[in-house]
1. Look at residue B:98 and say whether it is among the acidic types (Asp, Glu), in contact (Cβ under 8 Å) with a residue 12 or more places away in the chain and farther than 19 Å from residue B:28 by Cβ.
2. Quick test of your reading of the structure: residue A:134 fulfils all but one of (1) in contact with a Lys or Arg (Cβ under 8 Å, 6 or more places away or on another chain); (2) under 25 Å from residue B:86 (Cα atoms). Name the failing condition by number.
3. Take residue A:235 and decide whether it is modelled with pLDDT under 95, on the phi > 0 side of the Ramachandran plot and either outside the structural domain of residue A:52 (by TED's automatic domain parsing) or not in a loop (DSSP other than H, G, I, E, B) (or both).
4. Filter segment A:128-146 for residues that are closer than 18 Å to residue B:79 by Cα and charged (D, E, K, R); which is nearest to the other protein chains (Cβ to nearest Cβ)?
5. Which helices (runs of 4 or more DSSP H) does segment A:102-207 wholly contain that include 2 or more residues that are in contact with a Cys (Cβ under 7 Å, 6 or more places away or on another chain) and at pLDDT 95 or above?
6. When residues of segment A:5-43 are filtered for being more than 21 Å from the chain's Cα centre (by Cα) and farther than 30 Å from residue A:110 by Cβ, how many remain?
7. Within segment B:81-98, take every residue that is assigned to a loop (DSSP other than H, G, I, E, B) and not charged (D, E, K, R) and give me the one that is nearest to the other protein chains (Cβ to nearest Cβ).
8. Return the total of residues in segment B:26-80 being over 20 Å from residue B:129 (Cβ atoms), more than 14 Å from chain A (Cβ to nearest Cβ) and assigned to a loop (DSSP other than H, G, I, E, B).
Amino acid sequence: MERLGYELAELPRWNCCGTVYSLSTDDLMRHVAPVRNFVRVQEMGEGRLVTLCAMCYNTLRRSAQFVSADPERLQRINAFMDEEPDYRGGVEVLHLLQVLRDEITFEAVEAKVERPLYGLRVAPYYGCMLLRPRGVGIDDPDRPETMELLFEHLGAEAVDTPHRVECCGAYQTVADPGLARERVAEIVGAASRRGADLIVTSCPLCTYNLERHQLVAGDGRGTGARHASHVSRHGIPVLYFTQLLAFALGVPEEELGFADAAIDPRPALSQRVGG
Amino acid sequence: MADRIDSGTLRIPAREPDFVRRVEELSGEDVFACYQCGKCSAGCPFTSGMDLLPAEVLRLLQLGDGRVLGARSPWVCASCLACGVRCPKGVDIAKVMEALRLFALRRGETGLRLGDIPPGVPQIALVGATRKLTP
């Protein structure tokens, strides 16, 4: 972000948001963790909270809306958290993609590109929590274009894939990994058939599922073996959008965690024209 | 019941058991708004693991059919919200699925046995799964 002339300050004593938003009407307890984070933002004298994660974004943004919609709810949560100052409302939750698109602007990002991604075919994968429900999502729920535009500004070609807004299996990867494997085989299979060099995500759980279950599906050993024909043996590398962005902005490769990826993205990245 | 028919929504009079009302309370959704177009079922990425399609879940609720309470579908639902953004009647079906899970969870059932958790799953998935699938 420094390279883009933008400063983000880490929230002191931040806590986990709970990862999933409660969809029930009577579960006030589930809003305590998000509201505690909003109290931290308030203490900093700030009004906006930026997150890198689609699940945090969804949970925090919806909780902010939920407590703002009804002063009585907020009062009860504040009363419960009697060790904390009262949250007064008004914190705005943003995903980093929104900051890049709406404040920094993709044009300004493009002007800072040092390693243009010419010739690289990148498949954006949005998943669920960044786009749904309407009124929370950062883009059209069925036809988003935020990541496509960003990657094009970085010099890459955005590959259109049919399952980019469909669920990867999410937390069912814990309860029923076979379900997640089935989803990932379909998502990655389509990206592979359309010639994607890389899949790029905006959610850490999508990243895990797409990498992990791709390997199981592709190595012919797991129960996903029947999908093996769709998935290349070596798989398609999965990167977080921030990794691809930082790479294009010229951040040294050693700082980008490529060596930790389950499927090494470096061979794909070196295929870019002039790479 | 008569006032409900006046409101323009067809209800099945006198046969609506308590669990339907409870599901509506927990979800905040009107299950009788559904007119069975099937868009939710068509777009759901998890139907391969479901015993009842999402539209069928809503239909059984409308009929007050208690078999919906033993269905596997709410436990297969991953709250991906694809159904809700496509519903032409504005029913947030994921909320109905959550209400059905809570109905069972608050009676001590569980959708996840801790011993079955595969090794190496990340925290974000563990927290999500335990919040959605355990009491």
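1. The answer is no for residue B:98.
2. Looking at each condition in turn, residue A:134 falls short on (1).
3. Here the answer is yes, as residue A:235 does meet what is asked.
4. Checked segment A:128-146; the qualifying residue nearest to the other protein chains (Cβ to nearest Cβ) is A:132.
5. Working: elements: A:106-111, A:146-153, A:172-175, A:177-193.
In segment A:102-207, the matching helices (runs of 4 or more DSSP H) lie at A:177-193.
6. Residues flagged as more than 21 Å from the chain's Cα centre (by Cα) and farther than 30 Å from residue A:110 by Cβ within segment A:5-43 amount to 18.
7. If we take residues in segment B:81-98 being assigned to a loop (DSSP other than H, G, I, E, B) and not charged (D, E, K, R), then B:81 is nearest to the other protein chains (Cβ to nearest Cβ).
8. Qualifying residue count, segment B:26-80: 9.
The values are calculated or read from the model by the stated rules, or taken from the named source; none is laboratory data. Keep in mind it's a predicted model, so treat the numbers as computed, not measured. Cβ: placed from backbone, ideal geometry, glycine included. Neighbour counts: every protein chain shown.
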